[in-house]
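The next block holds one structure in the form of structure tokens; read it before the comments.
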Amino acid sequence: MRRPGRETEESTRRITRRALILGGVQAGFAGMLTLRMRHLQVTQADQFRLLAEENRVNIRLIPPMRGLVFDRAGRIVAENEQNYRIVIVREDAGDPEEALARLARLVPLDAESVERALREVHRHSPFVPVTVADRLRWEDVARVAVNAPILPGITPEVGLSRLYPMGPDFAHVVGYVGPVSDYDLSQIDAPDPLLQIPRFQIGKTGVEAKHEELLRGKAGTRRIEVNAVGRVIRELDRVEGQPGAALQLTVDAGLQNFMQARMGEESAAAVVMDLAQGDILGIASSPGFDPNKFVRGISVADYKALTETPYRPLSNKAVQGAYPPGSTFKMITALAALEDGLITPEETVYCPGHLEVGGRRFHCWRRGGHGHVNLNQSLEQSCDVYYYDIAQRVGIEKITAMARKFGLGERHDLPLSAVVSGLMPDKAWKRENRGADWVVGDTLNAAIGQGYVLASPLQLAVMSARIATGRALMPRLVRSVNGMEQPHPAGAPLDVNPAHLAYIRQGMNDVVNSRRGTAYRSRVVAEGMAMAGKTGTSQVRNITTAERAAGVFRNEDLPWERRDHALFVAFAPAQAPRIAVCVVVEHGGGGSTAAAPIARDITLRALYGDLPPLSAYPDRQRWQKEQDLRKLPLRKLDSAPAAGRSRA
């Protein structure tokens, strides 16, 4: 039966409409597919090309060359040396244990090194190179390179390692580097990616630590092509990093070596300060230690030896040690009284050997007393009773204020570890820290540098420098960075009467150069080189009434740790000062016998720039001094700056 024409037309229209809709959908889909393919092939071509290349190309950081450190004459005191090492990359090595087992058959690897490497491999990302062994011989490195096809992910490298050519001389100043620890990372808000490299070394103490960011430099990168088993095929690209800054210190290596040698095995510290700008010419702590041992990995036995001795070789006593300054503080008490108009230089105080205050007897070091003494004689002979007497009049607040003018109780900003601020107490301090009121006995003890008063050798050197110049000199340790001189204030004039300072300088001159002076045996006889100074002896124990009645024990009869500290401060030449010096000998006994002779030798070495001439010593001391100087283990140094020396 034939359909009517109208039904046929209607059916045709429906088929055409469906075809159009289906065709439109197909065209839309094809268009979207085309656009997506264009996006993937054109717009994102670089990204996918990179993803493809990452299957065969690795990008690794290149540790920068650490900045060198020089002394003031241009001699290198911290440099870098070539270091052959072997690294492993977990993602290229497959099974790290199996890879290290194969490596151990080629080079000497102890069980501890293998275990440490495995720990670090699993702690870090699989693409991070982990050092398995370093400081290898060339023969070992060559053996690994030849067997590279069977050692996937293991690569020999040539890097740089820190070296301290001056050994113990600069150990406390420059410090040393060591591997980054978890604690180090926890102290940094945004760690440099370099610090994530296992066993990457950073400064741990001294200048190395305080100027870490300057010395570290900026990392470089290299792109390497590896095959399917992780073997490096070739280096595709390299961008060198930025080496660390070169630092020049104010310290003179020759003087520093002499200071260390002269103090020998004493537990001691010494500081020499230039009076032109405040440069630290020498800052030594004894005994020293070899910082290279820490770089290479110090043994348990060596570290135990350093930490268990009472002489504390790891401590920088020059800035970390806080000692009662003893009689070296008397210039401060005298200046406080002079400035307040409470004494005159001619006024005398009678010293019978003690002073009774509040039912308590305060003793002078000289049991029979000094008789009538004026300001000059009180310094020359170091009479304690004179300072007990004037301290009652001036009071602790004015003594403390004067001490702070001269740099005591102040933390000097040097790039060294754990620089102490010492202690200059006052009434408020005792209430806050001891929960008690200040009493007159506290003032008397403070007046002679005992009681609560504490100062470091650096602070006492600054005090001496300010007395010598009348200026608020500040110590400086870094002279230049990358050859650019570091700005440093010359020191404004102190708000102290110059005439009063002149009285103090004269008293210090007589301490050394007057026959009755406590340091007369340590005088300098060379014309124009005379030294002015002040001895100090600080007690570390209480002397009981019974002991005084029976006779005070001599220092040499006591155990070492109960003996008095010996101190000496000085400036020279006395008439035209160029340097200030401080020496502290822990438990050395008397300042005149233990500290002053060391200070004289150091002063002469600093003034002459060479071994002290025998003509600078009194006639009767020259033969013995010649023998002593010959025995010093002095280092032979280059006289010319190390310019042009290889930074590697």
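For every residue, the table says whether it meets (1) in a strand (DSSP E or B); (2) touching a helix residue (DSSP H, G or I) at 6+ places or on another chain (Cβ under 8 Å); (3) small (G, A, S); (4) modelled with pLDDT of 95 or more.
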{"site": "Q459", "(1), (2), (3), (4)": "no, no, no, yes"}
{"site": "V462", "(1), (2), (3), (4)": "no, no, no, yes"}
{"site": "S480", "(1), (2), (3), (4)": "yes, no, yes, yes"}
{"site": "H488", "(1), (2), (3), (4)": "no, no, no, no"}
{"site": "V496", "(1), (2), (3), (4)": "no, yes, no, yes"}
{"site": "N509", "(1), (2), (3), (4)": "no, no, no, yes"}
{"site": "A530", "(1), (2), (3), (4)": "no, yes, yes, yes"}
{"site": "K534", "(1), (2), (3), (4)": "yes, yes, no, yes"}
Note: among A301, A270, A276, just one is closer than 29 Å to D134 by Cβ and either touching a residue at least 12 places away in the same chain (Cβ under 8 Å) or not in a loop (DSSP other than H, G, I, E, B) (or both), namely A301
Starting from residues that are in contact with a Gly (Cβ under 8 Å, 6 or more places away or on another chain) and without any contact (Cβ under 8 Å) to a residue 60 or more places away in the chain, keep the ones in region 421-444 and report whichever is farthest from P489 (Cα to Cα).
D442
Condition (residue is more than 22 Å from S538 (Cα to Cα) and in contact (Cβ under 8 Å) with a residue 40 or more places away in the chain) applied to region 364-386: is it met by at least one residue?
no
Going through region 452-465 in order, the residues found to be surrounded by fewer than 24 Cβ atoms within 10 Å (Cβ to Cβ) and either without any contact (Cβ under 8 Å) to a residue 40 or more places away in the chain or within 15 Å of V271 (Cα to Cα) (or both) are Y452
Which residues, taken from region 395-433, are in a helix (DSSP H, G or I) and touching a Ser or Thr at 6+ places or on another chain (Cβ under 7 Å)?
I396, I399
Which numbered condition R404 misses (of (1) within 18 Å of L501 (Cα to Cα); (2) in contact (Cβ under 8 Å) with a residue 40 or more places away in the chain):
(2)
Read through the list (1) of a type outside the set (A, V, I, L, M); (2) closer than 21 Å to G591 by Cα; (3) under 40 Å from the mean Cα position of the chain (by Cα), then give the number of the only condition that G395 fails.
(2)
List the strands (runs of 3 or more DSSP E) inside region 40-133, counting only whole elements, that have at least 1 residues being at pLDDT below 85 and under 30 Å from V478 (Cα atoms).
57-62, 76-88
Are any residues in region 351-381 surrounded by 14 or more Cβ atoms within 10 Å (Cβ to Cβ) and closer than 19 Å to G441 by Cα, and if so, which ones?
C351, G353, H354, L355, V357, F362, H363, C364, W365
Any residue at all in region 363-376 that is in the same structural domain as M508 (by TED's automatic domain parsing), within 22 Å of C582 (Cα to Cα), modelled with pLDDT of 95 or more and not basic (K, R)?
yes
Are any residues in region 326-359 in contact with a Gly (Cβ under 6 Å, 6 or more places away or on another chain) and of a type outside the set (F, W, Y), and if so, which ones?
G326, S327, T328, C351, P352, G353
Write out, first by first residue and then by second, each pair whose Cβ atoms fall under 9 Å of each other, whose residues are 6+ apart or on separate chains, and whose first residue, in region 117-132, is assigned by TED's automatic domain parsing to the domain that holds R102 while the second is hydroxyl-bearing (S, T, Y).
A117/T131; E120/T131; P129/T155; V132/S113
Qualifying residues in region 511-527 (those that are in a helix (DSSP H, G or I) and of a type in the set (V, I, T)) - the one nearest to L379 (Cα to Cα):
V511
In region 145-164, the residues that are under 17 Å from the mean Cα position of the chain (by Cα) and of a type outside the set (S, T, Y)
R162, L163
Being modelled with pLDDT of 95 or more and surrounded by 23 or more Cβ atoms within 10 Å (Cβ to Cβ) narrows it down to one of A526, A468, so name that one.
A468
How many residues does region 294-310 contain that are hydrophobic (A, V, I, L, M, F, W, C) and more than 16 Å from P168 (Cβ to Cβ)?
2
I'm checking my understanding of the structure. Among residues of region 163-193 that are surrounded by fewer than 24 Cβ atoms within 10 Å (Cβ to Cβ) and of a type in the set (D, E), which one is nearest to R119 (Cα to Cα)?
D182
Pick from region 59-113, criterion acidic (D, E) and touching a residue at least 12 places away in the same chain (Cβ under 8 Å), ranking: farthest from R234 (Cα to Cα):
D71
Unique residue being closer than 30 Å to F170 by Cβ and charged (D, E, K, R) when the list is R119, R60, R105, R66:
R66
Would you point out which residue out of A418, A490 is surrounded by fewer than 16 Cβ atoms within 10 Å (Cβ to Cβ), closer than 26 Å to A246 by Cβ, out of contact with any strand residue (DSSP E or B) (no Cβ under 9 Å at 6 or more places or on another chain) and in contact (Cβ under 8 Å) with a residue 12 or more places away in the chain?
A418
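The values are calculated or read from the model by the stated rules, or taken from the named source; none is laboratory data. Just so it is clear, the model here is predicted, and its values are computed rather than measured. Neighbour counts are summed over all protein chains in view; Cβ atoms, including those assigned to glycine, are modelled from backbone coordinates with ideal geometry.
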